[in-house]
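**Q** Below are the structure tokens for one structure; questions will follow.
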Amino acid sequence: MREKGLIHIYCGDGKGKTTAALGLAVRAAGRGKRVLISRFLKTEDSGEVQVLRSIPGITVEPCTKTFGFLFRMTPEQKEEAAVYFQEQFDRAAEAAKDYDLLILDEIMASVNGGVVREESLLQFLKHKPEKLEVVLTGRNPSEDVMAEADYISEIQAVRHPYEKGIGAREGIEY
């Protein structure tokens, strides 16, 4: 009999939240678990996407629309993004019953930015399939979301090359 699935949060201002979540995805797939990765607020142009799709047991939900950064969106774009990302969340929550591990990458930014309803996330976490392991990534999870978590790992930025004017590098940050 399988154990109860737990809820993980990878948060903080440091680099590595998604990297940690995807490492867990690879580990789980390596043990025959079925993994669903739903990426919020990110384009398909990231080095890990194609290789993850080639790993048996891992499904990466495609991101078919790009809206850019939340803080640069017009109110109309943000409204359209809210419909799109809420539907994406709803699909992932429904599909999760067929998986062992669900990763909701950048769900915290989606909730904090108002494009996924926090109440939807909380209801899902409270009523998720019993054996489903869930990983949430992103900065600034609310107290209510953290109250549902079994693991909370905060990744702290001590130093980052951006401070020296070095931008995101292909194959390292994306």
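The values are calculated or read from the model by the stated rules, or taken from the named source; none is laboratory data. Note that the structure is predicted; figures quoted are calculated from it, not measured. Every residue, glycine as well, gets a Cβ built from its backbone with ideal geometry; the counts of neighbours run over all protein chains shown.
**Q** Residue by residue through segment 127-174, note down the ones that are polar (S, T, N, Q) and out of contact with any Leu (no Cβ under 8 Å at 6 or more places or on another chain).
**A** Start the filter on segment 127-174 by keeping residues that are polar (S, T, N, Q), which leaves 137, 140, 142, 153, 156.
Listed by number, the residues that qualify are Asn140, Ser142, Ser153, Gln156.
**Q** How many of the residues making up segment 1-13 are surrounded by 14 or more Cβ atoms within 10 Å (Cβ to Cβ) and either over 17 Å from Pro141 (Cα atoms) or modelled with pLDDT under 95 (or both)?
**A** Count: 1.
**Q** Determine whether segment 82-94 contains at least one residue that is surrounded by fewer than 15 Cβ atoms within 10 Å (Cβ to Cβ) and modelled with pLDDT under 95.
**A** Scanning segment 82-94 turns up no residue that is surrounded by fewer than 15 Cβ atoms within 10 Å (Cβ to Cβ) and modelled with pLDDT under 95.
**Q** Between a first residue in segment 143-159 that is within 19 Å of Leu132 (Cβ to Cβ) and touching a residue at least 60 places away in the same chain (Cβ under 8 Å) and a second residue that is exposed (fewer than 15 other Cβ atoms within 10 Å of the Cβ) and not hydrophobic (A, V, I, L, M, F, W, C), which pairs have beta carbons less than 7 Å apart while being 6 or more apart in sequence or on different chains?
**A** Final answer for the pair search is Glu148/Lys126.
**Q** Anything in segment 139-173 that is more than 30 Å from Phe124 (Cβ to Cβ) and modelled with pLDDT of 90 or more? List them, or say none. Steps first, please.
**A** Let us first name the residues in segment 139-173 that are more than 30 Å from Phe124 (Cβ to Cβ), namely 158-172.
Once the filter is applied, which keeps residues that are more than 30 Å from Phe124 (Cβ to Cβ) and modelled with pLDDT of 90 or more, segment 139-173 yields Val158, Arg159, Lys164, Gly165, Ile166, Gly167.
**Q** For segment 14-27, how many residues meet the condition of being more than 11 Å from Arg139 (Cβ to Cβ), of a type outside the set (A, V, I, L, M) and either without any contact (Cβ under 8 Å) to a residue 60 or more places away in the chain or crowded, with 21+ Cβ neighbours inside 10 Å (or both)?
**A** 4
**Q** Kindly indicate whether any position in segment 65-75 is in contact with a helix residue (DSSP H, G or I) (Cβ under 6 Å, 6 or more places away or on another chain), modelled with pLDDT of 95 or more and surrounded by 12 or more Cβ atoms within 10 Å (Cβ to Cβ). Reasoning before the result, please.
**A** Here is the first cut: in segment 65-75, the ones in contact with a helix residue (DSSP H, G or I) (Cβ under 6 Å, 6 or more places away or on another chain) are 65, 67.
Pick out the ones that are also modelled with pLDDT of 95 or more and you get none.
No, the conditions are met nowhere in segment 65-75.
**Q** Got a number for residues in segment 28-55 being of a type outside the set (Ser, Thr, Tyr), surrounded by fewer than 15 Cβ atoms within 10 Å (Cβ to Cβ) and not in a helix (DSSP H, G or I)?
**A** 5
**Q** Quick one: would you say Pro62 is touching an Asp or Glu at 6+ places or on another chain (Cβ under 9 Å) and not in a helix (DSSP H, G or I)?
**A** Spelling it out, Pro62 is indeed touching an Asp or Glu at 6+ places or on another chain (Cβ under 9 Å) and not in a helix (DSSP H, G or I).
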